[in-house]
Amino acid sequence: MNSPPRKLDLDQWDGRYEQLRRDGLREPAYGGPLRRHVVREKDFRLQQLRFDNSPAALRLWNFLLTENQRLHQARAEGDKIVGTMKDLGTVPVMAYALPGLRAFYPDGAWWTPCLMECGDKLLQKAEMMGIDASFCPVRAMLPAFQEGGHFPRPDLLVCSAGAICDDFSAIAQRLEHLGHPILWWETPRRRQPASGERACALPGHLAAPQVQVDCVRAELQRIARALGELAGQTLDDSFLAAGICAANQVRQRLDSLRRAVYCAPAAPLPALEMLVAEMLAIHFCSDRQETIAVLDALLAEVQSRAHRSQFIIGPDAARIFWVNPVADLRAMNLLEDLGGRLCGSDFMFSHALDLIPENLPPLDALARAALADPMVGPTEDRAARIVRECRSNRAEALVVSRIPGASHCAREGEIILQIVRREIGIPAIELEIPPVCDALSPSLGSRLRALVETAQARRPK
Amino acid sequence: MICAGIDAGSRSIKVVLFDTARAQIIASGLADQGVEQERLAAELFESLLQQAGLDRSRISSVVATGYGRNAIRFAGTTITEITCHARGVHWLAPDARSIIEIGGQDSKIISLEEGGRVRDFAMNDRCAAGTGRFLEMVAARLDMTWEKLAQLGRQSQAPALISNVCVVFAETEIIGLLADGKPLPDVVAGVQNAIATRVAALASRLASPPVYFTGGVALLPGMARALEEVLACPVRVAPRPQFTGALGAALCARAANPSPAGL
């Protein structure tokens, strides 16, 4: 089963899958050939992608692409479903702390049109519902909620408000008006403690005034009560502490995976699989325990490849730090086709990769983790982390990708570019990547290739 | 050794033959772009060989650049316009520290280090408002050549204010201005200013002097002046601005010396 690493298209994966089966591949219940997601779910975009050829990558993709089925099954088995919106990594930790609760991320519906090449018409339907293309593609969740058929209607919908993007607020408010009650919790915009004000350390080398942490903790206390009522038992500190510990197991594995891949002399795993793997940090793809197993398998594969000095992208590839998730996954393939490789990433939820403090009262620790969200703080904080990681991972260039309509901070990309240029002087570009970028591939390709050329030309001779 | 550079742009194809021993351009030519890019490029390439009295076998390497570069299969390799324009402009004007290139379908700003290496770049290829396409639209609407357009722009006394946000809306604005009796030179100058403003938004963070302006649009005299005004710094037109990409490709061919395929 230990084939040399390479990327396979869907046709090639069909053959590879048959071979793996003959060789005795053991899969979890959600396993199967990748092709079935095209046939059954109409995830047509998979036909345009190239995937890592390892069984671990197959497991990752199958885990990702069966989430809705997993949620429906959980509902059928009596679990309560919690939709956690605009919260990339805090409330899910709380929800999974209680038996019988499953958290998911309805905003993730923005990926559905991307995977289905808009064949689901979710974006067009959102437009008919008054949320047009000037809004973030997260608007796809409106018709997904209304129609059902994608994810089950949640038993509880939780959404953060305050220091989040205006687009999302508008979409979520529209959702509530459409008859989906939301439990709102407020997060303030993170700021530096003023002189003489009691300061509080946050994960990710950040700080905030104690008063802000207290505020968020009180809000999370409210959420904890609601989750407890839903589950029929109190979400107390012991549950929360165990939940934090389990979430940290996921984060530790992601940290190990990121180090193993991004710091390696050549890339042992493709950028596309890294993006998907990192996404698991947000809400564990609706199964926290399986997330750990999926990440363990990926990490073992990466370590095995590194041990054998077998890589998917050679050492000459330009080391690119990538900021923000892409709407069209093909962009990640494109980067590697054009001579680049990922050496770091900030997919917008870097706080969900940091360990939640386990030496503090659990709600206090979670409040600090929530306040470390890059979206609730100034862009300069986010850029500082990017600069740190670019330095430590020896990035040769930076890409900030944008999704049309997604504008939680319209100037953020430009600010990050300016700070990175000023601090480390590497070439940096901003790219706009729509849900399906076929028509833009030549121009995207030109920019990425030019970035790779520029990075490589700057290497010491 | 003779190297060739081909710039397959959106509007025209440019070819440069470069004698590396004498370090000079020995032939250059330009043809309108079309559907059969490779055939058009090959015909132009052949005609330049004839003009220079050279046989194909004398060409040691060919590099293609431009948006259509991947269609030029007889080139030994392809390199992006960013690298090629930087190389070409630096060879012609070694003091250049920034390059503005406005092409038919995109615009670029390239920041150079001393020695001509690319420091950074930015591109606009999503919106026609900062590209030569805007001028093409105006020329077509007014039924005149680019040259005539440029002459008109120079006569302007009070340039019109025209949207730089969208070419489609701008076209409507232009029709309205002309219907209102706005003098044609003022409308043309207004278009040039709109393009310059759009490009300046891209360029402002990367442009450091000396700034050189290249690409086909640089041939329009009013454009450099419009850029100077919005950037508030001198903008020099690169020598032979249409050919800097192809020249850069030829210089890259000299450096890389890839074997030409199918020649």
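The values are calculated or read from the model by the stated rules, or taken from the named source; none is laboratory data. All values derive from a computational prediction rather than experimental measurement. Quick reminder, even Gly has a Cβ in these numbers, built from the backbone with ideal geometry, and neighbours come from all protein chains shown.
The figures follow:
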quantity	calculated
Of all residues making up the range A:239-266, the number that are surrounded by fewer than 16 Cβ atoms within 10 Å (Cβ to Cβ) and outside any helix (DSSP H, G or I)	2
Of residues in the range A:431-450 being in contact with a helix residue (DSSP H, G or I) (Cβ under 9 Å, 6 or more places away or on another chain) and within 8 Å of another protein chain (Cβ to nearest Cβ), the one surrounded by the fewest Cβ atoms within 10 Å (Cβ to Cβ)	A:PRO442
Test for A:ALA281: is it over 13 Å from the mean Cα position of the chain (by Cα), among the hydrophobic types (A, V, I, L, M, F, W, C) and part of a helix (DSSP H, G or I)	no
So A:GLU380, is it part of a helix (DSSP H, G or I), away from chain B (no Cβ under 14 Å), surrounded by fewer than 18 Cβ atoms within 10 Å (Cβ to Cβ) and modelled with pLDDT of 85 or more	yes
Hits in the range A:308-323 (condition: among the aliphatic types (A, V, I, L, M) and either part of a loop (DSSP other than H, G, I, E, B) or in contact with a Gly (Cβ under 7 Å, 6 or more places away or on another chain) (or both))	A:ILE312, A:ALA317, A:ALA318, A:ILE320
Where a residue in the range A:191-218 is without any contact (Cβ under 8 Å) to a residue 12 or more places away in the chain and its partner, wherever it lies, is in a helix (DSSP H, G or I), with Cβ under 7 Å and at least six apart	A:ALA199/A:GLN210
Checking A:LEU360 against (1) over 25 Å from A:ILE313 (Cα atoms); (2) part of a helix (DSSP H, G or I), the condition it does not meet	(2)
Per-region count, the range A:38-71, residues in contact (Cβ under 8 Å) with a residue 60 or more places away in the chain and either not in a helix (DSSP H, G or I) or not small (Gly, Ala, Ser) (or both)	22
Any hit, the range B:64-85, residues being assigned to a strand (DSSP E or B), among the aliphatic types (A, V, I, L, M) and modelled with pLDDT of 95 or more	yes
Count of the range A:431-452 residues which are touching a Ser or Thr at 6+ places or on another chain (Cβ under 8 Å) and of a type in the set (Val, Ile, Thr)	1
Boolean, B:GLY103 is within 21 Å of B:VAL199 (Cβ to Cβ), crowded, with 24+ Cβ neighbours inside 10 Å and touching a Leu at 6+ places or on another chain (Cβ under 6 Å)	no
Set A:LEU398, A:LEU417: member being without any contact (Cβ under 8 Å) to a residue 60 or more places away in the chain, surrounded by 22 or more Cβ atoms within 10 Å (Cβ to Cβ) and within 14 Å of another protein chain (Cβ to nearest Cβ)	A:LEU417
Residue match in the range B:199-211 (condition: within 14 Å of B:LEU135 (Cα to Cα) and touching a residue at least 24 places away in the same chain (Cβ under 8 Å))	yes
Unique residue being farther than 12 Å from B:ILE102 by Cβ, without any contact (Cβ under 8 Å) to a residue 12 or more places away in the chain and aliphatic (A, V, I, L, M) when the list is B:ALA246, B:ALA232	B:ALA232
Counted residues, the range A:388-430 - those being polar (S, T, N, Q) and in contact with a Leu (Cβ under 8 Å, 6 or more places away or on another chain)	1
Tally of residues being of a type in the set (A, V, I, L, M) and more than 19 Å from the chain's Cα centre (by Cα) across the range A:42-85	3
Sole exception among (1) over 27 Å from A:LEU353 (Cβ atoms); (2) assigned to a strand (DSSP E or B) for A:CYS159, by number	(1)
Residues within the range A:167-202 that are farther than 26 Å from A:ASP354 by Cα, under 23 Å from the mean Cα position of the chain (by Cα) and acidic (Asp, Glu), tallied	1
Qualifying residue in the range B:70-77 (condition: aromatic (Phe, Trp, Tyr), touching a residue at least 24 places away in the same chain (Cβ under 8 Å) and touching a Leu at 6+ places or on another chain (Cβ under 8 Å))	yes
Qualifying positions in the range A:309-330 - in contact (Cβ under 8 Å) with a residue 12 or more places away in the chain and out of contact with any strand residue (DSSP E or B) (no Cβ under 7 Å at 6 or more places or on another chain)	A:GLN310, A:GLY314, A:PRO315, A:ASP316, A:PRO325, A:ALA327, A:ASP328, A:LEU329, A:ARG330
The range B:212-235, subset more than 16 Å from B:LEU135 (Cα to Cα) and more than 14 Å from the chain's Cα centre (by Cα), residue surrounded by the fewest Cβ atoms within 10 Å (Cβ to Cβ)	B:ALA232
All positions within the range B:1-23 that are in a strand (DSSP E or B) and over 18 Å from A:PRO442 (Cβ atoms)	B:ILE2, B:CYS3, B:ALA4, B:GLY5, B:LYS14, B:VAL15, B:VAL16, B:LEU17, B:PHE18, B:ASP19
Criterion (surrounded by fewer than 20 Cβ atoms within 10 Å (Cβ to Cβ) and either within 30 Å of A:PRO460 (Cβ to Cβ) or within 14 Å of chain A (Cβ to nearest Cβ) (or both)) met by exactly one of B:GLY176, B:GLY181, B:GLY115	B:GLY115
A:ALA428 being closer than 21 Å to B:ASN70 by Cα and at the interface with chain B (Cβ under 8 Å from one of its Cβ atoms)	no
Failed item in (1) more than 13 Å from chain A (Cβ to nearest Cβ); (2) surrounded by fewer than 24 Cβ atoms within 10 Å (Cβ to Cβ), with B:VAL62 passing the rest	(2)
Residue satisfying all of: in the range A:431-447; of a type in the set (D, E, K, R) and either under 22 Å from the mean Cα position of the chain (by Cα) or modelled with pLDDT of 90 or more (or both); farthest from B:ALA71 (Cα to Cα) among these	A:GLU432
Count of residues meeting criterion [more than 21 Å from A:LEU448 (Cβ to Cβ) and in contact with a strand residue (DSSP E or B) (Cβ under 8 Å, 6 or more places away or on another chain)] in the range B:67-103	11
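For every residue, the table says whether it meets (1) in contact (Cβ under 8 Å) with a residue 60 or more places away in the chain; (2) crowded, with 16+ Cβ neighbours inside 10 Å; (3) within 14 Å of another protein chain (Cβ to nearest Cβ).
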| site | (1), (2), (3) |
| --- | --- |
| B:GLY132 | yes, yes, no |
| B:ALA139 | no, yes, no |
| B:ASP143 | no, no, no |
| B:LEU149 | yes, yes, no |
| B:PRO159 | no, yes, no |
| B:VAL167 | no, yes, no |
| B:PRO185 | no, yes, no |
| B:VAL188 | no, yes, no |
